[in-house]
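J.: Can you read through this structure? Questions will come right after.
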Amino acid sequence: MKPILLILLSFVGAACAQTNSKPAKMSDALTISQGEVRWLEFSVPEREVKLICRGNEVKFVRKGKFGFAYVMESYFSDFSPFSCKVVSLGQTISEYQFKVEEREYPAEILKVDPKKIKLSAEAEKRVVAEQVVLNKIYSSSIPDFLYSTSFIHPLDSVVTSQYGNKRVYNKHKKSQHLGIDYRAAIGDKVPAANAGKIVFSGDLFFTGWTVIIDHGLDIFTVYGHLSKTLVKDGEMVKRGQLIGLSGNTGRTSGPHLHWGTKVQGQYIDGFVLVEESKKYFKN
Ligand SMILES: [Zn+2]
């Protein structure tokens, strides 16, 4: 946990609290690390405005004279600096420069069911079909915050595998762990990390029984390996509401809760999302 805390403590960017709102100045140096998000607050004129980061439009929320957004950097970063521009009527009104920093991610070795590593043709077909469903879900986020509180950790228990760990499965297959694993027994209560809409509740090949919540503005949280889901597609949930029970389903090496946080199409570190969300949402 320590490296994450250090990164958070060393962050001297320009994201502002709601109580003393002051947008970042163009000259401020902002930093972001691979697999992380930063809260960005910026002035907006009354007319139509777009936020463009790395040439792509990023959804934001407008509240009075300010715009609010999360800026994301992929785990698979090429470490190129980039900027976010506030553009109106084809003109750049303000620009925020980001420097991308590398983050050390530890390696771990795991042993899991070989059938979940080397997929049969049938399993492969299932995974591809599931991906089609998931891509559709992740590309149709509701264009507004569905919450008015900060994100919380779904469980107050030991983290057994951090976000970003490099993984070697059964000595061969290599991948990255793009979520957080919490120690949990079969049947522990799993609450929602924030308010949102249930957009998936079902069984997936890798994450087993899974719940996905859309929190709006391309932010999703994923709860995997559950023994049971307790919510239905389309249901609105509050922060802390019970959504399922932890378990051992899908590709696991034992019972635990896998918590994924997806921002603008990339899995990022949920610990950073929790901390960044507190910069605006004070409760
Ligand atoms: Zn996991």
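J.: Can you give the percent of C-alpha pairs in the stretch 27-74 whose distance is more than 18 Å?
T.: Numbers: 363 of 1128 pairs.
Here the long-distance tail beyond 18 Å is 32 percent of all Cα pairs in the stretch 27-74.
J.: Would you mind putting 206-216, 152-162 in packing order, based on average other-beta-carbon counts within 10 Å, highest first? Don't skip to the end; give the middle numbers.
T.: Values: 206-216: 22.5, 152-162: 16.3.
With the highest mean Cβ count within 10 Å placed first, the list reads 206-216, 152-162.
J.: Name the long-range amide H neighbours of Gly244: under 5 Å, sequence gap of 5 or more, or other chain; modelled H, no Pro or chain starts.
T.: Val190, Leu230
J.: Work out from phi, with θ = phi - 60° and the Karplus expression 6.51 cos²θ - 1.76 cosθ + 1.60, the ³J(HN,Hα) of each residue of the stretch 198-207, listed in order in whole Hz, and give x for Gly and Pro.
T.: 6, 10, 7, 8, x, 9, 10, 4, 7, 9
J.: Just add up the charged neighbours of Ile180: K/R +1, D/E -1, any other residue whose Cβ is under 14 Å from the Cβ of Ile180. It would help to have the intermediate numbers written out before the result.
T.: On the way: positive: Arg167, Arg183, Lys262; negative: Glu36, Glu108, Asp156, Asp181, Asp269, Glu275.
Net charge around Ile180: -3.
J.: Taking amide H atoms as placed 1.01 Å from N in the peptide plane, list the residues 5 or more away in sequence, or in a different chain, whose amide H sits under 5 Å from that of Lys63.
T.: So Lys63 has HN proximity to Phe68.
J.: Rounded to whole Hz and in sequence order, give me ³J(HN,Hα) for the stretch 155-161 from the Karplus expression 6.51 cos²θ - 1.76 cosθ + 1.60, θ = phi - 60°, writing x for Gly and Pro.
T.: My calculation for the stretch 155-161 gives 10, 9, 9, 4, 7, 8, 8 Hz in order.
J.: How large is the helix-only mean residue ellipticity at 222 nm for the chain, computed as the sum of -39500 (n - 2.57) over DSSP H runs with n ≥ 4, divided by its residue count, in deg cm²/dmol to the nearest 500?
T.: On the way: 3 runs with 35 residues, N = 283.
For the chain, the value works out to -4000 deg cm²/dmol.
J.: So, one more: Could you tell me what percent of the accessible area of the chain is made up of carbon and sulfur, with a 1.4 Å probe and every protein chain present?
T.: Exposed carbon and sulfur together represent 55 percent of the surface.
J.: Looking at the calculated P(r) for the chain, what percent of the C-alpha pair distances fall above 26 Å?
T.: On the way: 17585 of 39903 pairs.
Summing the P(r) tail past 26 Å for the chain gives 44 percent.
J.: Please list 175-181, 114-120, 136-142, 226-232 highest first by mean number of surrounding beta-carbon atoms within 10 Å per residue. Write down the numbers at each step before the final one.
T.: Values: 175-181: 20.4, 114-120: 12.3, 136-142: 14.3, 226-232: 17.7.
Highest to lowest by the protection proxy: 175-181, 226-232, 136-142, 114-120.
J.: Still on this structure: To the nearest 0.05, how large is the calculated FRET efficiency for Lys125 and Lys278 if R₀ is 41 Å and r is the Cβ-Cβ distance? Could you put the intermediate results ahead of the total?
T.: Numbers: r = 43 Å, r/R0 = 1.04.
Efficiency for this residue pair is about 0.45.
J.: Another question, then. List the residues whose amide H sits under 5 Å from the amide H of Ser94, counting only those 5 or more places along or on another chain, with H placed 1.01 Å from N in the peptide plane.
T.: Val86
The values are calculated or read from the model by the stated rules, or taken from the named source; none is laboratory data. Bear in mind that the values here come from a model prediction, so they are computed numbers and not experimental data. As a convention, Cβ positions derive from the backbone with ideal geometry for all residues, glycine included, and neighbour counts pool all protein chains shown. To get the accessible areas, we keep the full protein, side chains included, count just its heavy atoms, and leave off ligands, DNA and RNA. Shrake-Rupley method; radii C 1.70, N 1.55, O 1.52, S 1.80 Å.
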